[in-house]
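Structure first, then comments.
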Amino acid sequence: MSDQSNESAVLQRLRTGKPFRKDDPLYAQFGAIVARSIRRCVEMNAQATELDQVRSKLSEIIGSEIDASTTIFPPFHTNFGRFIRLGKNIFINHACSFLDIGGITIEDDVQIGPRVNLTSENHPLAPADRKTLLLQPIVIKRNAWIGAGATILPGVTVGENAIVAAGAVVSRDVPDNTVVAGVPAKIVKTL
């Protein structure tokens, strides 16, 4: 199988959302994609000195062109990259980490503060199965604002116009037009 058909098979397998175990026949090809993405992120963070260069390099990593209205400040980290979808007019500040194997979609006009972690993957509680990947997408809806150092966990949707306060850990969906804060994040205000 060619590298491109191997990658296609891995992407198709992961899109099913089913648990992904180390004994899966596609795990080695998956590991190669991860290694390539990490290498490209290191290169981007070390070499890209202009915002256009960051957009261009990150477009290569995620496999689709990032709109010119979107700004990403390096360093930026992802472990996979192929399941990040970015809308228009997005701002992503320094030192963000997107673990996107479960999928991350960020709609238009979203602001993301520094050191934000979006984690779309988890592991089972059972020690014998802990190396299995459990995949659940994250969706950040239009005009949301994610504060500095916040963490969004697998399966969470942050609603339209919502605000996630700095340092919050979000484990449940955030309704439209609300502000959440704390660990775990709870609604503290309606907009």
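For a Förster distance of 22 Å, can you work out the FRET efficiency between the beta-carbons of residue 94 and residue 169, rounded to the nearest 0.05?
Values: r = 20 Å, r/R0 = 0.91.
Efficiency at R0 = 22 Å is approximately 0.65.
Sort 77-90, 150-163 by the packing proxy (mean of other Cβ within 10 Å over each peptide's residues), most packed first.
Working: 77-90: 19.9, 150-163: 21.4.
Going from most to least packed, we get 150-163, 77-90.
So how compact is the stretch 134-191: Cα radius of gyration and Dmax in angstrom?
So, for the stretch 134-191, Rg and Dmax equal 10.0, 33 Å respectively.
Please work out the FRET efficiency for the pair residue 51 and residue 9, using the Cβ-Cβ distance as r and a Förster radius of 35 Å; give the result to the nearest 0.05.
Details: r = 35 Å, r/R0 = 0.99.
That gives a FRET efficiency of 0.50.
Report the Rg/Rh value for the chain, based on alpha-carbon coordinates and the Kirkwood definition of Rh.
For the chain, the value is 0.98.
At 0.36 nm per residue, minus the direct Cα-Cα distance, what do residue 125 and residue 23 gain on full extension? Give it in nm, one decimal, please. Write out the running numbers ahead of the final one.
Working: separation 102, 0.36 × 102 = 36.72 nm, distance 1.82 nm.
Taking 0.36 nm per residue and subtracting the Cα distance, the gain is 34.9 nm.
Determine, for 99, 191, the number of other Cβ atoms within 10 Å of each Cβ, and report the residues in order from fewest to most.
On the way: 99 20, 191 9.
Ordered from fewest to most neighbouring Cβ atoms within 10 Å, 99, 191 come out as 191, 99.
Return the loop-located trypsin sites (Lys or Arg not before Pro) in the stretch 1-40 (DSSP other than H, G, I, E, B) with at most 13 other Cβ atoms within 10 Å of their own Cβ; answer none if there are none.
21, 22
Using a 7 Å offset from Cα along Cα-Cβ at residue 183, what residues in the stretch 101-126 end up with backbone N under 15 Å from the label point?
116-117
Within the chain, which whole H helices from DSSP have a Cα span along their axis of at least 24 Å and a mean Kyte-Doolittle hydropathy of 0.0 or more, if any? Could you put the intermediate results ahead of the total?
Numbers: long enough: 27-47 (30 Å, 0.09).
Going by DSSP H runs, the hits are 27-47.
Rule-based calculations on the coordinates, nothing more; no lab input. Note that the coordinates shown come from a computational prediction; the quantities given were computed from them, not determined experimentally. Virtual Cβ from ideal backbone geometry, glycine too; neighbours counted across all protein chains shown.
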